[in-house]
1. Given the structure, is Ala118 over 25 Å from His23 (Cβ atoms), modelled with pLDDT of 90 or more and of a type outside the set (Asp, Glu)?
2. So Val129 passes all but one of these: (1) part of a strand (DSSP E or B); (2) under 17 Å from Ser97 (Cα atoms). Which condition number does it fail?
3. Test Pro148 against the stated conditions and say whether it is without any contact (Cβ under 8 Å) to a residue 24 or more places away in the chain, surrounded by 13 or more Cβ atoms within 10 Å (Cβ to Cβ), in contact with a His (Cβ under 6 Å, 6 or more places away or on another chain) and not polar (S, T, N, Q).
4. Looking only at the range 98-134, which residues are acidic (Asp, Glu) and surrounded by fewer than 16 Cβ atoms within 10 Å (Cβ to Cβ)?
5. Kindly provide the set of residues from the range 1-31 that are open to solvent by 70 Å² or more (accessible area, probe 1.4 Å), under 29 Å from Gly135 (Cβ atoms) and not in a helix (DSSP H, G or I), ordered by number.
6. Only one residue in Ala89, Ala94, Ala161, Ala154 is farther than 25 Å from Leu25 by Cα, modelled with pLDDT of 90 or more and crowded, with 18+ Cβ neighbours inside 10 Å, so which one is that?
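The values are calculated or read from the model by the stated rules, or taken from the named source; none is laboratory data. This is a predicted model, so every value here is computed, not measured. For neighbour counting, all protein chains shown are included, and Cβ atoms are generated from backbone atoms with ideal geometry for every residue, glycine included. Note: areas computed on protein heavy atoms with side chains; ligands, DNA, RNA excluded. Shrake-Rupley method; radii C 1.70, N 1.55, O 1.52, S 1.80 Å.
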Amino acid sequence: MKVRTCLIFACMIVVPGLALFSHQLPAGFRDAARTRIWEPIEAWATSVASSDDLGTEAATLDVTLPGPGNCAPPAEPVSMACESPTAPASFQNAPRSSSAVALASLGASTIDCRPFEAVAGTHVASCRVAIDAAGQLQRVFQAAGRNPDEAMDALLDTVRAWKERQASGAAMPRL
């Protein structure tokens, strides 16, 4: 009973607390925790999965989610890679316009502009801008327009307005 209580406490309090405040931990502490805790666990899990003692059933897992039916895989592969704010912006389907260059100079990364399939003749532009200096926290901006240039211009205006609000808010003391 005590083990279950500790496990529930860890899952409901400790893990969300670590997720909520992990970006405020010093980089040295995060690196030490990764090398002393996560990497040994990862090495152990890899060795367990590759050991012949468990047989082939443990090495290959077939996970089926419960639900009314099986979901189809996405039409395009989804990339979860994030870029650092100091790296040059990557332009995915974005027109090489002055707006895209200006967005990159404001710190935007992964700039993208695509037709919006739900509304004919509409384009949606999006980008990511780092909130903190380390680039761990990023904000996603989106804007729409009748053509790619209009969407990129609207996105540039949105990012500029946010940057100006951030600059004016940083100068004001917090209560």
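1. On the way: over 25 Å from His23 (Cβ atoms): yes; modelled with pLDDT of 90 or more: no; of a type outside the set (Asp, Glu): yes.
It is false that Ala118 is over 25 Å from His23 (Cβ atoms), modelled with pLDDT of 90 or more and of a type outside the set (Asp, Glu).
2. (2)
3. Numbers: without any contact (Cβ under 8 Å) to a residue 24 or more places away in the chain: no; surrounded by 13 or more Cβ atoms within 10 Å (Cβ to Cβ): yes; in contact with a His (Cβ under 6 Å, 6 or more places away or on another chain): yes; not polar (S, T, N, Q): yes.
Against the criterion (without any contact (Cβ under 8 Å) to a residue 24 or more places away in the chain, surrounded by 13 or more Cβ atoms within 10 Å (Cβ to Cβ), in contact with a His (Cβ under 6 Å, 6 or more places away or on another chain) and not polar (S, T, N, Q)), Pro148 does not qualify.
4. Here is the first cut: in the range 98-134, the ones acidic (Asp, Glu) are 112, 117, 132.
Of everything in the range 98-134, those that are acidic (Asp, Glu) and surrounded by fewer than 16 Cβ atoms within 10 Å (Cβ to Cβ) turn out to be Glu117, Asp132.
5. Listed by number, the list holds a single entry, Pro26.
6. Values: Ala89 fails: modelled with pLDDT of 90 or more; Ala94 fails: modelled with pLDDT of 90 or more; Ala161 fails: crowded, with 18+ Cβ neighbours inside 10 Å.
Going through Ala89, Ala94, Ala161, Ala154 in turn, just one is farther than 25 Å from Leu25 by Cα, modelled with pLDDT of 90 or more and crowded, with 18+ Cβ neighbours inside 10 Å: Ala154.
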